[in-house]
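Here is the structure we will look at.
The values are calculated or read from the model by the stated rules, or taken from the named source; none is laboratory data. Note that the structure is predicted; figures quoted are calculated from it, not measured. Positions of Cβ are backbone-derived with ideal geometry, glycine not excepted, and every protein chain shown enters the neighbour counts.
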């Protein structure tokens with residue numbers, strides 16, 4: 001058997017899968033929502049473009065998250081694509097103990113849906129949730145983009161090998 005290839009018919013070890021996924025670089029985003037169920041936000045890298053007609057993205061959210069239901073019940077969310085200087089912001093939205101104050105440190109606006117839009121995000125995609133599909137521990141939110149804002153922030157921020165990596169000018 002080749003090195004690194006599991007035996008046929010054997011279940012893949014969860015830790016081995018997670019280790020492999022840590023090597024799949026992804027943009028760092030703060031996903032926000034607001035509406036009748038309340039205001040909330042989380043850090044997520046499981047975001048992907050689906051189609052441009054109609055403009056649609058998918059966002060994966062762990063159903064074990066204490067505030068998962070807010071996203072589902074509000075039916076709107078905003079994908080705020082973080083710039084290179086947003087590491088502290090990303091950490092605030094990833095830390096459950098800072099939930100009450102996480103929106104106090106930056107400037108927030110709204111576009112169409114009322115979901116919070118980070119004023120200096122590289123890009124913000126304001127969305128209405130169209131469909132939610134449960135897969136394992138997560139739900140996949142298919143979201144129609146109804147508004148977009150972009151800024152001239154230098155560089156992006158990716159998560160790779162369990163750490164932040166800035167991209168673009170000055171990242172070197």
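Filter the range 117-136 down to residues that are farther than 20 Å from residue 84 by Cα, in contact with a strand residue (DSSP E or B) (Cβ under 6 Å, 6 or more places away or on another chain) and in contact (Cβ under 8 Å) with a residue 12 or more places away in the chain and give me whichever is surrounded by the most Cβ atoms within 10 Å (Cβ to Cβ).
At the first step, the residues of the range 117-136 found to be farther than 20 Å from residue 84 by Cα are 126-136.
Right, trim to in contact with a strand residue (DSSP E or B) (Cβ under 6 Å, 6 or more places away or on another chain) and you get 126-133.
Filter once more, so that each one left must be in contact (Cβ under 8 Å) with a residue 12 or more places away in the chain: 126-130, 132.
Values: 126: 25, 127: 29, 128: 16, 129: 20, 130: 12, 132: 15.
Among those residues, the one meeting the criterion is 127.
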> Would you call residue 15 under 23 Å from residue 116 (Cα atoms), loosely packed, with under 11 Cβ neighbours inside 10 Å, free of Cβ contacts under 8 Å to residues at least 40 places away in the same chain and out of contact with any strand residue (DSSP E or B) (no Cβ under 8 Å at 6 or more places or on another chain)?
Replying inline: no
> Restricting the range 147-166 to residues that are in a strand (DSSP E or B), touching a strand residue (DSSP E or B) at 6+ places or on another chain (Cβ under 9 Å) and surrounded by fewer than 16 Cβ atoms within 10 Å (Cβ to Cβ), which is modelled with the highest pLDDT?
Replying inline: 148
> Looking at (1) under 20 Å from residue 160 (Cβ atoms); (2) surrounded by 15 or more Cβ atoms within 10 Å (Cβ to Cβ); (3) in contact (Cβ under 8 Å) with a residue 60 or more places away in the chain; (4) within 14 Å of the chain's Cα centre (by Cα), can you tell me which one residue 31 breaks?
Replying inline: (3)
> Does residue 140 fit the bill of being in contact (Cβ under 8 Å) with a residue 12 or more places away in the chain, farther than 14 Å from residue 28 by Cα and in a strand (DSSP E or B)?
Replying inline: yes
